[in-house]
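The values are calculated or read from the model by the stated rules, or taken from the named source; none is laboratory data. For clarity, every value in this text was computed on a predicted model and none was experimentally measured. Note that each Cβ is placed from the backbone with ideal geometry, even for glycine, and that neighbours are counted across all protein chains shown.
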Amino acid sequence: MNFRFGLVFLFLVMLFIYACKDEVMNEGDLSFIPFDPVEYKLEIPEGWPQMEIPEDNPLTYEGVQLGRRLFFDPILSLDNTISCATCHVPEKGFSDNNPIAVGIGGALGTRKTMSLINVGFNQNGLLWDGAVMTLEEQSLHPIEDPVEMNLPLEEAIQRLRDHEDYSVRFRKAFGIGNVDEINKDLLAKALAQFQRIIIAGGESQFEKVMRGELSFTDEQLNGWEMFTDANRLVVDAECAHCHIRPLFNINEYINNGITPVERLFDHPDPGRGAVTGRERDYGKFRTVTLINWELRKNFMHDGRFETMEDVVNHYNSGGHRPTNPDEDNVDLLIYPLNMDEFELHDLMEFLRMLTDTTFLSNPDLQNPFL
């Protein structure tokens, strides 16, 4: 009897040891979860350029949804209080209404939060100064930045590895076999995928006029002709050199004469010059899209102009040039335009045609936690 009991006890002990060993061996295993990603179909307006998607980060439904959750989740900030969407608010054109970006604990940045509208089409560098070249690279900067989200990437990755739902989602998006394979590259890819689907402009009044669905009013037409210099009988507002359709952006860096200085090195923010190291690039900043400007407040890299009317008045005045002519790198198209109040009104009427809020009804761009 005792012998039989001993055998049964030994068997149970061995079974327990084997079970524990198997559990340890399979800890973090995700291979049992199906991996069958579905291609995400971008809806690009007719006549727009195709978006360049990296071969190593194709858009998938699973990747976009993972990126969407990460974008709206404060888990990527040090104290779990802010997310990417805190500064890039959909209803505010994926920007905010602060002159200067406000980060964790109310920390002030140095520049205005850029809009992410159509950011996937941007070439020639990102951010105001072009300091990064890809959305994947850009996506990680705010997480570690001490005045933005202030979370070391190592800690961010560990949080995601410890999070059961995110572990599953990384498996479904990228096919990883174990939670230990979650890394900063996959985090960047997911965030970049989500940002590439932030597309707007195709349903603006202007695009509907171009498709023959609507017609210009007389004021809008006059503003359009001033914007593009399409009619030699009206004032050339010199806008379309930097804001060409359909994206109303040229992805270049210019000094638009907003800061009066004597010499180029006097610029309080060197802009592109800090990236290239070239003196002639001091005071130059990236051109931005005018699509959905009506959803935003505070314009230029330092948010100095509260309204678009302020921006237009700046260009109409001719801006500022360095007092030392040898230091002048302000764009040649910045000069007094002398538009009267009626012309300014018509130009604004055209600019208001560039608003397209249909993206706000896209469920793939909405906060998944609401």
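Inspection of the stretch 185-198 finds a residue satisfying the criterion of being in contact (Cβ under 8 Å) with a residue 24 or more places away in the chain, buried (at least 18 other Cβ atoms within 10 Å of the Cβ) and not in a helix (DSSP H, G or I).
Determine, yes or no, whether residue 321 is at pLDDT 95 or above, of a type in the set (Lys, Arg), assigned by TED's automatic domain parsing to the domain that holds residue 230 and at negative phi. I'd like the intermediate steps shown before the answer.
On the way: at pLDDT 95 or above: no; of a type in the set (Lys, Arg): yes; assigned by TED's automatic domain parsing to the domain that holds residue 230: yes; at negative phi: yes.
The answer is no for residue 321.
For the residues 101, 188, 107, the requirement of being out of contact with any helix residue (DSSP H, G or I) (no Cβ under 8 Å at 6 or more places or on another chain) and modelled with pLDDT of 95 or more singles out 107.
Between 155, 144, the distinction of being under 22 Å from the mean Cα position of the chain (by Cα), acidic (Asp, Glu) and within 11 Å of residue 76 (Cβ to Cβ) belongs to 144 only.
Considering the conditions (1) outside any loop (DSSP other than H, G, I, E, B); (2) surrounded by fewer than 22 Cβ atoms within 10 Å (Cβ to Cβ); (3) over 20 Å from the mean Cα position of the chain (by Cα), residue 230 is excluded by exactly one of them, (1).
Criterion first (surrounded by fewer than 21 Cβ atoms within 10 Å (Cβ to Cβ), without any contact (Cβ under 8 Å) to a residue 60 or more places away in the chain and under 21 Å from the mean Cα position of the chain (by Cα)) does residue 361 satisfy it? Don't jump to the end; show me each part of the working.
On the way: surrounded by fewer than 21 Cβ atoms within 10 Å (Cβ to Cβ): yes; without any contact (Cβ under 8 Å) to a residue 60 or more places away in the chain: yes; under 21 Å from the mean Cα position of the chain (by Cα): yes.
When the stated conditions are applied, residue 361 passes them.
Limited to the stretch 289-311, what total is found for residues that are touching a Cys at 6+ places or on another chain (Cβ under 9 Å) and β-branched (Val, Ile, Thr)?
Count: 0.
Of all residues in the stretch 262-294, those satisfying the criterion of being among the β-branched types (Val, Ile, Thr) and either within 18 Å of residue 130 (Cα to Cα) or modelled with pLDDT under 95 (or both) are 275, 276, 287, 288, 289. What's the total number of residues in the stretch 122-164 that are at positive phi and small (Gly, Ala, Ser)? So the count comes out to 2.
Just to check your reading of the model, which residue among 272, 286 is within 15 Å of residue 117 (Cα to Cα), touching a helix residue (DSSP H, G or I) at 6+ places or on another chain (Cβ under 9 Å) and buried (at least 17 other Cβ atoms within 10 Å of the Cβ)? Talk me through it step by step, then tell me what you get.
Details: 272 fails: within 15 Å of residue 117 (Cα to Cα).
Of the residues listed, the single one that is within 15 Å of residue 117 (Cα to Cα), touching a helix residue (DSSP H, G or I) at 6+ places or on another chain (Cβ under 9 Å) and buried (at least 17 other Cβ atoms within 10 Å of the Cβ) is 286.
When the stretch 307-331 is filtered for residues that are without any contact (Cβ under 8 Å) to a residue 24 or more places away in the chain and among the charged types (D, E, K, R), the ones remaining, listed by number, are 310, 326, 328. Here is a list of conditions, (1) part of a helix (DSSP H, G or I); (2) farther than 20 Å from residue 153 by Cβ, and residue 124 meets all of them except one; can you say which number that is? Against the list (1) part of a helix (DSSP H, G or I); (2) farther than 20 Å from residue 153 by Cβ, residue 124 comes up short only on (1). Of the residues in the stretch 85-94, at least one is in contact (Cβ under 8 Å) with a residue 12 or more places away in the chain, surrounded by 20 or more Cβ atoms within 10 Å (Cβ to Cβ), in contact with a Phe, Trp or Tyr (Cβ under 6 Å, 6 or more places away or on another chain) and not in a helix (DSSP H, G or I).
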